[in-house]
């Protein structure tokens with residue numbers, strides 16, 4: 001667990017440095033405001049990455065007849081310093097927290113699909129199976145918009161292990177879903193029109209989320225098990241997470257809690 005958190009901290013540092021080294025961040029824009037009647041899919045390695053990376057964008061999509069489905073590759077069942085917690089209990093806690101996070105964003109009927117691969121163990125999951133399961137979901141649901149971790153444009157991007165696998169599995173599945181001769185038993189080929197990669201070092205879109213930051217903070221705060229004091233000693237009920245902790249945590253990924261960065265593509 002300590003190695004996982006150390007690697008996660010390294011990821012934060014790398015993303016922060018990458019953001020700091022962007023001399024020409026794109027001008028703020030908001031392609032999500034006013035989007036209506038769409039199917040939105042998020043592919044997330046753990047319950048909370050979806051919120052950290054894209055909750056601001058999702059906030060703009062709520063209340064406009066947009067349908068949201070999130071695919072969680074793992075359940076985050078070992079993400080704690082509390083030795084008294086068992087993985088089975090933490091899995092249930094984190095699944096409940098994920099539902100509460102989407103309610104905070106205004107998606108009371110958001111759907112979660114849990115693939116159930118081992119937390120901190122995606123590197124050892126059968127990659128062909130992961131890709132096929134993602135292709136099946138993409139072809140079945142035909143999302144208009146997909147949010148996923150950025151595998152990198154110019155070069156493959158370093159992510160710590162579960163994130164690295166999630167990024168590459170996502171782009172591979174998005175590509176495979178377009179090919180009619182690839183996995184024909186999983187449904188007709190389908191191309192996602194708009195893909196928004198988060199946790200990116202090559203942003204093409206910067207969204208000012210100041211007016212929905214309260215929603216993002218509330219959604220991330222729903223993942224109470226991941227922040228002090230619950231991260232060290234979980235109690236239910238327990239105290240809410242301090243807002244400063246949540247905003248500082250968000251800022252580690254973009255350099256500023258009031259913005260989100262994406263790399264937008266229309267080709268996987």
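Rundown of residues vs (1) surrounded by 21 or more Cβ atoms within 10 Å (Cβ to Cβ); (2) at pLDDT 95 or above; (3) under 16 Å from residue 49 (Cβ atoms), yes/no style:
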residue	(1), (2), (3)
178	no, yes, no
190	no, yes, no
207	yes, yes, no
243	no, yes, no
252	no, no, yes
268	no, no, no
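Could you please give the count of residues in region 256-268 that are outside any strand (DSSP E or B) and under 19 Å from residue 152 (Cα atoms)? Full working, then the answer.
Start the filter on region 256-268 by keeping residues that are outside any strand (DSSP E or B), which leaves 256-258, 266-268.
Add one more test, that the residue is under 19 Å from residue 152 (Cα atoms), and what stays is 266-268.
Result for region 256-268: 3.
Let's see how each residue does on (1) in contact with a strand residue (DSSP E or B) (Cβ under 9 Å, 6 or more places away or on another chain); (2) within 22 Å of residue 120 (Cα to Cα):
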position	(1), (2)
35	yes, no
45	yes, yes
50	yes, yes
65	no, no
70	yes, yes
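Among the residues of region 119-143, those identified as surrounded by fewer than 16 Cβ atoms within 10 Å (Cβ to Cβ) and either at pLDDT below 95 or farther than 22 Å from residue 180 by Cβ (or both) are 121, 123, 124, 126. All told, residue 167 falls short of being at pLDDT below 95 and out of contact with any helix residue (DSSP H, G or I) (no Cβ under 9 Å at 6 or more places or on another chain).
Take the conditions (1) touching a strand residue (DSSP E or B) at 6+ places or on another chain (Cβ under 6 Å); (2) buried (at least 21 other Cβ atoms within 10 Å of the Cβ); residue 194 misses just one of them, which is (2). Only one of (1) in a loop (DSSP other than H, G, I, E, B); (2) closer than 22 Å to residue 131 by Cβ; (3) more than 8 Å from the chain's Cα centre (by Cα) fails for residue 69. Which number is that? Tallying (1) in a loop (DSSP other than H, G, I, E, B); (2) closer than 22 Å to residue 131 by Cβ; (3) more than 8 Å from the chain's Cα centre (by Cα), residue 69 fails exactly one: (1).
Does residue 175 meet the test of being out of contact with any helix residue (DSSP H, G or I) (no Cβ under 7 Å at 6 or more places or on another chain) and farther than 15 Å from residue 42 by Cα? Yes: the conditions hold for residue 175.
Filtering region 144-176 to residues that are surrounded by fewer than 21 Cβ atoms within 10 Å (Cβ to Cβ), more than 19 Å from residue 124 (Cα to Cα) and in contact (Cβ under 8 Å) with a residue 60 or more places away in the chain leaves 144, 153, 175. Here the strands (runs of 3 or more DSSP E) wholly within region 95-211 that include at least 3 residues being under 17 Å from residue 72 (Cβ atoms) are 111-117, 145-149.
Is there a residue being within 23 Å of residue 213 (Cα to Cα), at pLDDT 95 or above and surrounded by 22 or more Cβ atoms within 10 Å (Cβ to Cβ) anywhere in region 64-80? It would help to see each step written out before you state the result.
Step one: filter region 64-80 for residues within 23 Å of residue 213 (Cα to Cα), giving 64-70.
Those left that are additionally at pLDDT 95 or above: 64-70.
Keeping just the survivors that are surrounded by 22 or more Cβ atoms within 10 Å (Cβ to Cβ) gives 68, 70.
So far as region 64-80 goes, yes, one or more of its residues are within 23 Å of residue 213 (Cα to Cα), at pLDDT 95 or above and surrounded by 22 or more Cβ atoms within 10 Å (Cβ to Cβ).
The values are calculated or read from the model by the stated rules, or taken from the named source; none is laboratory data. Predicted, not measured: the structure shown is a model, and the values here were computed from it. Ideal geometry is used to build each Cβ from the backbone, glycine not excepted, and the neighbour counts take in all protein chains shown.
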